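What follows is one structure encoded as structure tokens, with my remarks underneath.
The values are calculated or read from the model by the stated rules, or taken from the named source; none is laboratory data. Note that this is a predicted model, so its numbers are computed, not measured. Every residue, glycine among them, receives a Cβ derived from its backbone with ideal geometry; neighbour counts consider all protein chains shown.
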């Protein structure tokens, strides 16, 4: 993690840190040579920078959106802070932590993962238990799962969003057996945990949340189906009916063809997963509108393209 963030910088401070280069304008000086007007960004905001002479020449090696390690000093110019850059060099994405540059969940993801693990521990079906272990005992998978967003824009569109969305679904599912006593709760919980795992690979999330090439071509439903089918294939004597039901729940969880679902839910557990997934997604959209508009004195939000309506914003008295 970074030790210096934009919103913490003060005049006179020495800076040695990683940022995204978000603006670069090269200008000629009257007496010859050049200088660069720059802007540096991290998850907390942006700050302008100025680079003179040979440092400006070094900036030619960087493009907008590149990660850069800069050294310099913060000063105040026209009542705004800026960094006078003494050196700048491009660094690779392998050298940064996305959490330094993208919005993160407000929740403690360690606690969220603990809650998910408690649901995993509660699964009693031996085949589903082995399937879940094959994912969550893999350290690389688990780290990707806890970091991934749940969407680019629609809902839980921040680092850790996938874990929070998954936990929410599981907590909503927890009360379902008291109403629908005949359902297979192990199957429901397993599908709830795994339904969106394709999103780990559907998105890239270093500088911004965007679709990966694999995500554009296949989408998270197909990616998730492939991941789960491959794991099931390595578990001896995994029941065929259980396999079919679980994979159906993955491909049907969007519920409707117009929402990108290859199949519509065809049995109780699949239908419940769809509606609970949809509930948490839509609820989060409204919660996000309330968050964005807090303190603005507005009664109604702007038109929401996903919900296809305006949202009433006035808080209860």
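Only one of these is touching a helix residue (DSSP H, G or I) at 6+ places or on another chain (Cβ under 9 Å) and farther than 24 Å from residue 159 by Cβ: 68, 51. Name it.
Details: 68 fails: farther than 24 Å from residue 159 by Cβ.
51 is the lone residue from the list that is touching a helix residue (DSSP H, G or I) at 6+ places or on another chain (Cβ under 9 Å) and farther than 24 Å from residue 159 by Cβ.
Does region 223-233 hold any residues that are crowded, with 17+ Cβ neighbours inside 10 Å and over 15 Å from residue 132 (Cβ atoms), and which are they? Write out each step before concluding.
Within region 223-233, the subset crowded, with 17+ Cβ neighbours inside 10 Å is 223-225, 227-228, 231-232.
Matches in region 223-233: 223, 225.
Is one or more of the residues making up region 197-205 modelled with pLDDT of 95 or more and over 16 Å from residue 141 (Cβ atoms)?
no
Take region 1-38 and flag every residue that is touching a residue at least 12 places away in the same chain (Cβ under 8 Å), more than 22 Å from the chain's Cα centre (by Cα), in a strand (DSSP E or B) and more than 13 Å from residue 72 (Cβ to Cβ).
23, 24, 25, 26, 34, 35, 37
Could you list, in sequence order, the residues of region 39-55 that are more than 19 Å from residue 208 (Cβ to Cβ) and surrounded by 21 or more Cβ atoms within 10 Å (Cβ to Cβ)?
Step one: of region 39-55, the residues more than 19 Å from residue 208 (Cβ to Cβ) are 48-55.
Passing the criteria: 49, 51, 55.
Checking the condition part of a helix (DSSP H, G or I), farther than 19 Å from residue 233 by Cβ and touching a helix residue (DSSP H, G or I) at 6+ places or on another chain (Cβ under 7 Å), which residue from 183, 162, 131 passes?
That would be 162, the only listed residue that is part of a helix (DSSP H, G or I), farther than 19 Å from residue 233 by Cβ and touching a helix residue (DSSP H, G or I) at 6+ places or on another chain (Cβ under 7 Å).
Within region 234-263, count every residue that is exposed (fewer than 10 other Cβ atoms within 10 Å of the Cβ) and at negative phi.
Adding up the residues that qualify gives 4.
If we scan region 90-108, do we find a residue that is surrounded by 14 or more Cβ atoms within 10 Å (Cβ to Cβ) and more than 24 Å from the chain's Cα centre (by Cα)?
The answer is yes, given that some residue of region 90-108 is surrounded by 14 or more Cβ atoms within 10 Å (Cβ to Cβ) and more than 24 Å from the chain's Cα centre (by Cα).
On the given criteria, is residue 196 assigned to a helix (DSSP H, G or I) and out of contact with any strand residue (DSSP E or B) (no Cβ under 6 Å at 6 or more places or on another chain)?
no
Take region 6-33 and flag every residue that is surrounded by fewer than 17 Cβ atoms within 10 Å (Cβ to Cβ) and touching a helix residue (DSSP H, G or I) at 6+ places or on another chain (Cβ under 9 Å).
Scanning region 6-33 gives 26, 27, 29, 33.
Could you please find all residues in region 259-305 being over 22 Å from residue 194 (Cα atoms), in a helix (DSSP H, G or I) and without any contact (Cβ under 8 Å) to a residue 60 or more places away in the chain?
286, 287, 289, 290, 291, 292, 293
Looking at the structure I just gave you, is residue 58 surrounded by 14 or more Cβ atoms within 10 Å (Cβ to Cβ) and in a strand (DSSP E or B)?
No, not satisfied.
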